[in-house]
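Have a look at the structure below, then the notes.
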Amino acid sequence: METASGESAAAGEARLGFNLDEEARYAVMNAGARLFKGADPFYRALGLTGVQYNVLRVLEAAEESLSQQEIARRILASRANVTNLIDQLEAKGLIRRGPCEDRRVKRVSLTPEAEALLVSSYADVLEINADMMENLTTEEKETLLALIRKLGSGSQAWRRRSF
């Protein structure tokens, strides 16, 4: 491969060069995608997608009904995507929409069927998580969690950029 100046780039080296920030970001995203997809067979066996299961877990953890906007915020999705997810889960009889003091807002809560599904699947979830994390020691898991939390709460200067 030749660069713009006509020099030959080393084999395996990207044309634009090596960047540690980019490589770290890609590695985090790639690991997250692999972990998320690794549980797909489990979710499919329940008749759900991973994102649908995540919505149920978010509602279960909240211990109260949530607005669709709040669900979107917690699962890092758009409100339009959450509307579709809620429609699907409602059709499966796993959630229900209820009124709110603001008539434009619907509160979403679990049905007893969803609560039973979460309880019956929890041991499997724990086992899947343990299998996915088996290559890490307890100390490494704690370090990983601390680093991811730090990454998630860090500077968001990139959001202020105009691209």
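Give the residue, chosen from R161, R149, that is over 19 Å from G32 (Cα atoms), modelled with pLDDT under 95 and of a type in the set (K, R).
Values: R149 fails: over 19 Å from G32 (Cα atoms).
Of the residues listed, the single one that is over 19 Å from G32 (Cα atoms), modelled with pLDDT under 95 and of a type in the set (K, R) is R161.
Within region 34-58, can you find the residues that are part of a helix (DSSP H, G or I), over 16 Å from A91 (Cβ atoms) and aliphatic (A, V, I, L, M)?
First, pick out the residues of region 34-58 that are part of a helix (DSSP H, G or I): 34-38, 40-45, 50-58.
Right, trim to over 16 Å from A91 (Cβ atoms) and you get 34-38, 40-45, 50, 54, 57-58.
Answer for region 34-58, where residues must be part of a helix (DSSP H, G or I), over 16 Å from A91 (Cβ atoms) and aliphatic (A, V, I, L, M): L35, A45, V58.
Applying the selection to region 24-50, what residues are more than 12 Å from the chain's Cα centre (by Cα), under 23 Å from K141 (Cα atoms), without any contact (Cβ under 8 Å) to a residue 40 or more places away in the chain and surrounded by 11 or more Cβ atoms within 10 Å (Cβ to Cβ)?
Answer for region 24-50, where residues must be more than 12 Å from the chain's Cα centre (by Cα), under 23 Å from K141 (Cα atoms), without any contact (Cβ under 8 Å) to a residue 40 or more places away in the chain and surrounded by 11 or more Cβ atoms within 10 Å (Cβ to Cβ): A24, R25, Y26, D40.
Please go through region 88-112 and give me each residue that is surrounded by fewer than 12 Cβ atoms within 10 Å (Cβ to Cβ) and not in a loop (DSSP other than H, G, I, E, B), ordered by number.
Result: A91, G98, P112.
Out of curiosity, is E60 more than 18 Å from the chain's Cα centre (by Cα), surrounded by 11 or more Cβ atoms within 10 Å (Cβ to Cβ) and at pLDDT 90 or above?
Working: more than 18 Å from the chain's Cα centre (by Cα): no; surrounded by 11 or more Cβ atoms within 10 Å (Cβ to Cβ): yes; at pLDDT 90 or above: yes.
Here the answer is no, as E60 does not meet what is asked.
Could you check region 137-151 and list, in sequence order, the residues that are surrounded by fewer than 10 Cβ atoms within 10 Å (Cβ to Cβ) and basic (K, R)?
K150
For region 113-136, what are the residues that are open to solvent by 70 Å² or more (accessible area, probe 1.4 Å) and within 19 Å of the chain's Cα centre (by Cα)?
If the condition is that a residue be open to solvent by 70 Å² or more (accessible area, probe 1.4 Å) and within 19 Å of the chain's Cα centre (by Cα), then Y122, D124, L126, E127, N129, D131 are the ones that fit.
Look at R73 and say whether it is open to solvent by 70 Å² or more (accessible area, probe 1.4 Å), among the charged types (D, E, K, R), free of Cβ contacts under 8 Å to residues at least 60 places away in the same chain and in contact with a strand residue (DSSP E or B) (Cβ under 8 Å, 6 or more places away or on another chain). It would help to see each step written out before you state the result.
Working: open to solvent by 70 Å² or more (accessible area, probe 1.4 Å): yes; among the charged types (D, E, K, R): yes; free of Cβ contacts under 8 Å to residues at least 60 places away in the same chain: yes; in contact with a strand residue (DSSP E or B) (Cβ under 8 Å, 6 or more places away or on another chain): no.
Criteria not met by R73.
Kindly evaluate N81 against the criterion of being open to solvent by less than 80 Å² (accessible area, probe 1.4 Å), part of a helix (DSSP H, G or I), modelled with pLDDT under 95 and not aliphatic (A, V, I, L, M).
no
The values are calculated or read from the model by the stated rules, or taken from the named source; none is laboratory data. These numbers were taken from a predicted model, which means no experiment stands behind them. Here the Cβ is made from the backbone with ideal geometry for all residues, glycine too, and neighbour counts use every protein chain on show. Keep in mind that these areas ignore ligands, DNA and RNA; they rest on the heavy atoms of the full protein, side chains included. Shrake-Rupley method; radii C 1.70, N 1.55, O 1.52, S 1.80 Å.
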